[in-house]
1. In Å and on Cα atoms, what radius of gyration and Dmax does segment 1-92 show?
2. Once neighbouring chains are kept in place and the probe is 1.4 Å, which whole percent of the accessible area of the chain is contributed by carbon and sulfur?
3. Could you give the length gained on full extension between Lys101 and Gln210, defined as 0.36 nm per residue of separation minus the Cα-Cα distance, in nm?
4. Please list Lys213, Lys222, Lys101 in order of solvent-accessible area, largest first, computed with a 1.4 Å probe with all protein chains present.
5. Can you give the helix-only mean residue ellipticity at 222 nm for the chain, where every DSSP H stretch with n ≥ 4 adds -39500 (n - 2.57) and the sum goes over all residues, rounded to the nearest 500 deg cm²/dmol?
6. If each residue of separation counts as 0.36 nm, what is the full-extension length gain between Asp223 and Ala68 once their alpha-carbon separation is subtracted?
7. Would you mind working out the accessible area per residue for the chain, using a 1.4 Å probe, and quoting it in Å²?
8. Using a Gaussian network for the chain with springs between C-alpha atoms less than 10 Å apart, which of these wobbles most: Leu108, Leu168, Leu191?
Amino acid sequence: MKLLLAEDTRDLNRALTAMLKMQNYEVDSAYDGEEALDYINKNGYDGLILDIMMPKKSGLDVLKEIRARQITTPVLMLTAKSEVDDRVEGLESGADDYLTKPFAMKELIARVHALTRRGRQNKTGELHLGNVTLKEDTGELKAENSIRLSSRESEMLADFLSNSGKELDAHYFLTHLWQDDADAGEDMVLLYVQYLRDKLSYINADLEIQGDKTGPFVLTEKDQK
């Protein structure tokens, strides 16, 4: 599971990052709102932890921008006790949860566990990009033709569709889709990427997966090249 932590207080950021990594999360750390948006634009995440009060762009500004762009990654807001109005605004703007400072590390970990679990469970049922539609419940993939994907193929393509234009590497997929298979490696990821490339070609999709065998991989619309 991969998280973005945006917190401008450097000592707190380092402490939270270390604690989350001890819980086997992969963590990117940002120290202001603009840096957080740069990370979000480039990478796919299972959860975002945004401090409300940050330089350059506030956590609320970041939240509003990503929700306006239909980025549905679960968000936990970190707030001060005095920021009651900001907490309300954050929830109304699409935050999934908030945590008031100061907080116990155990509480943060519990909130993050719940947040990432909720994100994996909240499937839309149907994903669209370009001329492609994926029905997550049945694995049906449609464009000009249609084909049925295996459950693993469907999960991988859903990750690509939810993070279109972003770089996803082999480690991302191994920790998302093969976390219970210690024998799976980069060759397994590449094999499934090739399966998806072949099936996107078969249905005449206007999407393609870019990237060589070492990754990272990016799903793009062909006319955007």
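1. 12.3, 34
2. On the chain, the fraction of accessible area on carbon and sulfur atoms equals 45 percent.
3. In short, 35.0 nm is gained.
4. Listed by decreasing accessible area, they come as Lys213, Lys222, Lys101.
5. When only DSSP H runs of four or more count, the value is -13000 deg cm²/dmol.
6. Using 0.36 nm per residue and subtracting the Cα-Cα distance, I get 53.5 nm.
7. 51
8. Highest fluctuation among the options: Leu191.
The values are calculated or read from the model by the stated rules, or taken from the named source; none is laboratory data. Bear in mind that the values here come from a model prediction, so they are computed numbers and not experimental data. Protein only, heavy atoms only, side chains kept; ligands, DNA and RNA dropped before computing areas. Shrake-Rupley method; radii C 1.70, N 1.55, O 1.52, S 1.80 Å.
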